[in-house]
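One structure is given here, and the rest of the page talks about it.
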Amino acid sequence: MENQRVTIRDIAEELGLSTATVSNVIHGKTGKISDETVKRVQALLEERQYIPSMAGILLAQNSSKIIGVFINDHEKYEGRTLEDFFIASSLNYLSSEIEKQGLFMMVKKTKNVQDIIKFASMWNMDGLVIIGFCHQDYMYLRNHMRIPFVVYDGFYEKAERFFNIRIDNFDGGFQLGTYFRENGHRKALCISDNHICSDKERYDGFCAGFGDGTADLMLIPMHKEERWDFYSQQIEKFRSVSSVFAVSDYYAIDLIRFLKESGIHVPEDLSVAGFDDIPMCEMISPTLTTVKQDNAMRARIAIQKLQEMKKNVENATEIVLPVTLVERASTKKINC
């Protein structure tokens with residue numbers, strides 16, 4: 001009996017009250033209930049460790065005040081999706097914005113877009129922020145769900161009935177390519193695990209800024225062990241360039257670690273830069289030159305747009321946020 005869940009009926013019978021009175025106290029409807037009765041009910045609820053059926057409570061309300069954040073549990077994270085620096089930073093700023101609005105955040109990682117619909121409906125969510133899925137997933141959600149949602153870095157011709165928040169990936173790559181060129185670099189390498197969507201935009205921008213068609217693309221494995229083995233086979237490639245642009249800070253930091261720990265000789269003036277400006281950029285040695293995206297601004301816009309969509313406010317369906325170059329010690333000027 002001790003392991004059985006305590007019910008509203010149990011509490012009501014023990015106090016000699018109606019189940020309606022106990023239910024009203026649980027749901028905060030205490031206007032017609034005496035303070036003494038409210039205190040008695042609350043004390044026994046705490047003593048008996050009563051756990052309400054949250055789904056039932058929320059489904060009974062017009063607004064749950066819950067914003068769901070759904071993240072693609074992609075294989076590239078190797079089982080550590082929420083530990084990824086970009087994901088963690090995004091969640092941090094989203095949490096702050098959601099709390100400012102008196103709302104609650106629920107986070108779920110999943111590979112299956114149908115889970116998004118199931119959980120969003122189960123918890124009567126007010127809106128969703130979706131990170132890391134693909135074009136067809138957003139289209140599926142749009143056609144099978146009426147809950148408003150915003151997307152981080154979606155790629156499609158036109159968003160309808162949801163809002164897309166992108167960053168200027170091309171310009172970020174362009175700024176970095178221009179920076180390398182103006183600092184005397186004539187041979188560059190770009191590393192990425194794919195050549196589509198945002199990574200392609202970053203590479204294309206880098207090539208446009210660097211010029212001369214000398215920025216080669218190296219496609220690398222997603223998993224660390226395979227990637228380091230691959231790097232070991234590409235040492236001559238690293239020796240042939242003076243600068244490397246990694247499409248994410250994670251890959252830039254990982255490459256610096258590989259070069260240090262492998263003990264393989266590469267040019268001492270090899271410059272390495274990343275993209276995102278995660279906190280680790282300032283903690284490693286050398287500190288990492290990178291392209292900064294404003295996650296605080298993105299989170300603020302995401303919650304604002306969700307609230308506007310909830311009120312059926314007509315507005316644009318996409319915004320492209322600016323990025324800025326942050327110069328640190330990992331890149332060097334060389335003789336022209």
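State the antiparallel share, in %, of DSSP beta bridges confined to the chain, rounding to the nearest 5.
10
Whole angstrom only: what separates the Cα centroid of segment 161-194 from the Cα centroid of segment 195-218?
7
Relative contact order of segment 145-299: what whole-number percent is it, with Cα pairs under 8 angstrom and at least 6 residues apart?
About 20 percent, as a whole number.
Taking only DSSP H segments of four or more residues, each worth -39500 (n - 2.57), what value at 222 nm results for the chain once the sum is divided by all its residues, to the nearest 500 deg cm²/dmol? Could you put the intermediate results ahead of the total?
Working: 13 runs with 143 residues, N = 336.
The per-residue figure over the chain is -13000 deg cm²/dmol.
Can you give the percent of C-alpha pairs in segment 99-185 whose distance is more than 19 Å?
50
Can you flag which of K200/K332; K32/K109; K187/K305 are past 31 Å Cα-Cα?
K32/K109; K187/K305
In Å and from the alpha-carbon atoms only, list the Rg and Dmax of the chain.
For the chain, the Cα radius of gyration and maximum Cα-Cα distance read 25.7, 88 Å.
Compute the relative contact order of segment 104-223 as a whole-number percentage, counting only Cα pairs closer than 8 Å that sit 6 or more residues apart in sequence.
Dividing the mean separation by the residue count of segment 104-223 yields 20 percent.
Give me the extension gain from C134 to L219: residue separation times 0.36 nm, minus the current Cα-Cα distance, reported in nm with one decimal.
Working it through step by step, the gained length comes to 28.6 nm.
Would you mind putting 31-44, 235-248 in packing order, based on average other-beta-carbon counts within 10 Å, highest first?
Ranked by mean Cβ neighbours within 10 Å, highest first: 235-248, 31-44.
Taking the solvent-accessible surface of protein heavy atoms with a 1.4 Å probe, what is the per residue accessible area of the chain in Å²?
Per-residue value: 52 Å².
Using modelled amide H (1.01 Å from N, peptide plane; none on Pro or chain starts), what sits under 5 Å from the amide H of C190, excluding residues fewer than 5 places away?
D216, L217, M218, F245
Would you please give the FRET efficiency between E282 and Q49, computed as 1/(1 + (r/R0)^6) with r the Cβ-Cβ distance and R0 = 45 Å, to the nearest 0.05?
Computed FRET efficiency for E282 and Q49 comes out at 0.50.
Can you order the peptides 76-82, 138-144, 170-176 by their average number of other Cβ atoms within 10 Å per residue, highest first?
Details: 76-82: 13.1, 138-144: 15.7, 170-176: 23.9.
So the order, starting with the most tightly packed, is 170-176, 138-144, 76-82.
The values are calculated or read from the model by the stated rules, or taken from the named source; none is laboratory data. All of these numbers come straight from a predicted model, not from anything done at the bench. We place every Cβ from the backbone using ideal geometry, glycine too, and count neighbours over all the protein chains shown. Areas reflect the complete protein model, heavy atoms only, side chains present, ligands, DNA and RNA absent. Shrake-Rupley method; radii C 1.70, N 1.55, O 1.52, S 1.80 Å.
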